[in-house]
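Visitor: Sending over a structure as structure tokens; questions will come in a sec.
Please treat every number below as a calculation from the coordinates, not as lab data. All values reported here derive from a predicted model rather than from experimental measurement. Positions of Cβ are backbone-derived with ideal geometry, glycine not excepted, and every protein chain shown enters the neighbour counts.
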Amino acid sequence: MTMTPVDSLSNQFEAAVYRKITWRLMPFLFLCYVLAYVDRVNVGFAKLEMQQALGMSDSVYGFGAGVFFVGYFLFEVPANMMMQKIGARHWIGPIMAGWGVVSACTFFIKGATGFYILRFLLGIVESGFFPGVILYLTYWYTQRHRARMVAIFMSAIPISGIFAGPLSGWVLEKMNGVGHLSSWQWLFLVEGIPSVIAGLATLYLLTDRPSKAAWLAEDEKKLVLLRLQEEEEQKSKAGQSGRHWGDVFQSLPVWLLSLAYFGTAAGNYGITFWLPQVIKETMTQKFSAIGWISAIPWAVSVISMVLFADHSDKTGERRWHMVLAATFGGVAFAASAIPGISGSAGMAALSVAAAALMCQFAVFWSLPTAILSGSAAAAGIAWINSLGNLAGQASPYAVGLIRDYTHSMRPALLLLACAQMMAALLILLVTKSKTPRISRMFAESKKQNLWNQGPFSL
């Protein structure tokens with residue numbers, strides 16, 4: 001059978017190829033991130049009983065929740081460079097199994113020291129996953145599809161909240177004393193084991209690159225590789241950042257993007273690690289009800305972020321999507337801090353803030369991947385993510401300190417609002433000169449008339 005030359009392939013064929021890739025890769029990557037995020041943030045629910053059982057203050061809890069990101073910061077860049085060398089399948093699988101074991105072992109802790117150590121280790125083990133997947137997507141998708149794919153992948157964050165909230169509430173309410181363990185111990189155990197299973201499955205289910213995909217026909221492989229090659233050539237012609245990993249640390253846009261991501265991550269982890277406590281103080285003290293109520297902001301978020309990213313992909317516009325989402329997030333956080341606001345109104349404001357945060361995540365990673373390539377992309381993605389995620393240490397700890405000193409959540413929410421506004425201003429600054437270049441790349445893509453034939457189009 002004679003294969004169709006790549007240059008004569010129809011738009012319908014190209015859309016079908018990307019649809020095939022998406023359905024093969026994204027559901028499993030999505031599931032992996034759900035498990036990763038549950039293991040990262042289930043401490044927010046465990047706090048409701050663990051803090052009193054172990055005699056922790058809010059600041060001790062906040063520091064321990066956030067020390068995860070110190071380990072994450074120290075090992076993220078080398079982890080991503082390693083994945084580029086040995087491949088996604090043999091890298092992501094073992095680290096998933098590793099973080100499942102570490103997370104489950106949190107049920108052994110007896111005090112603050114053990115809590116700090118295991119959270120730090122969890123950050124080290126998990127440091128290679130998220131930036132590794134963002135890099136992995138660049139092996140398969142061009143810039144035209146990438147925001148939508150990142151949105152699908154990162155929708156695991158709100159989805160994890162939708163499912164983990166009710167599950168965590170049920171475990172806290174029903175499992176106390178079973179097997180002579182406290183309910184918070186069962187929480188870590190029950191939610192850690194699935195990651196170990198998924199890590200083993202990764203070794204069989206992931207394919208490192210298009211050229212190694214036995215499930216793609218030869219003409220399908222050629223198409224994907226050609227599109228990626230064309231994009232690299234466009235970046236080169238546009239004079240975008242170099243291909244060497246060392247270029248990253250000399251790039252002002254990379255540093256500014258890191259600070260912008262810090263502002264976004266600060267808002268995210270401020271909600272994630274403290275939302276159950278806020279609900280307990282303002283709405284209900286029943287664990288199962290806290291679990292179900294905590295799912296509301298994430299249910300709103302998952303719909304918002306996918307629609308938002310799809311609009312950004314179709315228009316080819318990144319800058320103002322990101323800026324407007326960050327601004328809405330800042331306003332929503334500030335609204336939730338209004339004196340005398342009711343619990344339900346405060347939850348509505350935090351739901352808007354959570355949706356705005358997820359919209360930012362969906363679009364943000366299209367910015368660095370549009371200006372970096374080669375080993376610079378591997379190092380740059382990891383560096384931006386590692387620096388930005390230091391907010392995961394700073395934000396929960398700052399909230400804990402504020403609560404210890406003021407016995408109020410209001411100043412902490414205003415701090416998160418300021419972090420969001422900082423992110424909006426930095427994106428305006430860093431994209432001022434880059435936007436025309438990125439827009440030209442999207443203009444070329446639009447000429448191919450593929451915008452309404454995305455990976456999920458039927």
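Visitor: Can you figure out the FRET efficiency of CYS105 with ASN11, using R₀ = 41 Å and their beta-carbon distance, to the nearest 0.05? Let's see the in-between values first.
Guide: On the way: r = 51 Å, r/R0 = 1.25.
E between CYS105 and ASN11, to the nearest 0.05, is 0.20.
Visitor: Related question: Tell me, what HN-Hα J-couplings in whole Hz come from the Karplus equation 6.51 cos²θ - 1.76 cosθ + 1.60 at θ = phi - 60° for each residue of region 257-270, using x for Gly and Pro?
Guide: Ordered by residue, 3J(HN,Hα) equals 5, 4, 5, 5, 5, 4, x, 5, 5, 4, x, 4, 6, x Hz.
Visitor: Scan region 56-147 for trypsin sites (Lys or Arg not before Pro) in coil per DSSP, keeping those whose Cβ has at most 15 other Cβ atoms within 10 Å, and list them by number.
Guide: Details: sites: LYS85, ARG89, LYS110, ARG119, ARG144, ARG146; in loops: LYS110.
Listed in order of number, the matching sites are LYS110.
Visitor: Test of understanding: what is the full-extension gain from ASP219 to GLU233, defined as 0.36 nm times their sequence separation minus their Cα-Cα distance?
Guide: Values: separation 14, 0.36 × 14 = 5.04 nm, distance 2.09 nm.
Full extension from ASP219 to GLU233 adds 2.9 nm.
Visitor: Continuing with this model, one more query. Which far-off residues, 5 or more places away or on another chain, put their amide H under 5 Å from the one on THR284, with H placed in the peptide plane?
Guide: So THR284 has HN proximity to no qualifying residue.
Visitor: Can you give me the long-range amide H partners of ASN42? Hydrogens built in the peptide plane at 1.01 Å from N, cutoff under 5 Å, separation of 5 or more residues or another chain.
Guide: When sequence neighbours closer than 5 places are left aside, there are no close amide H contacts.
Visitor: How many angstrom lie between the C-alpha centres of region 389-433 and region 295-333?
Guide: 18 Å
Visitor: Tabulate in residue order the Karplus-calculated ³J(HN,Hα) for region 165-171, using 6.51 cos²θ - 1.76 cosθ + 1.60 with θ = phi - 60°, rounded to whole Hz; enter x for Gly and Pro.
Guide: Coupling constants for region 165-171: x, x, 5, 5, x, 5, 4 Hz.
Visitor: Now a separate question. Which one, (1) 0.96; (2) 1.15; (3) 1.01, gives Cα Rg over 2.2 N^0.38 Å as derived from the coordinates shown?
Guide: Computed from these coordinates, Cα Rg over 2.2 N^0.38 Å corresponds to label (1).
Visitor: Tell me, what ³J(HN,Hα) does each residue in region 178-194 have, in order and in whole Hz, if you take phi through Karplus 6.51 cos²θ - 1.76 cosθ + 1.60 with θ = phi - 60° and put x for Gly and Pro?
Guide: 5, x, 6, 10, 6, 5, 5, 5, 4, 4, 5, 5, 5, 8, x, 4, x
Visitor: Quick check: pseudo-label points 7 Å beyond the Cα along Cα→Cβ at ARG209 and ILE117, how many nm apart are they?
Guide: Label-label distance for ARG209 and ILE117, simple model: 4.2 nm.
Visitor: On to the next question. Roughly how many Å is it from the Cα centre of region 262-294 to that of region 25-64, as a whole number?
Guide: One Cα centre to the other: 11 Å.
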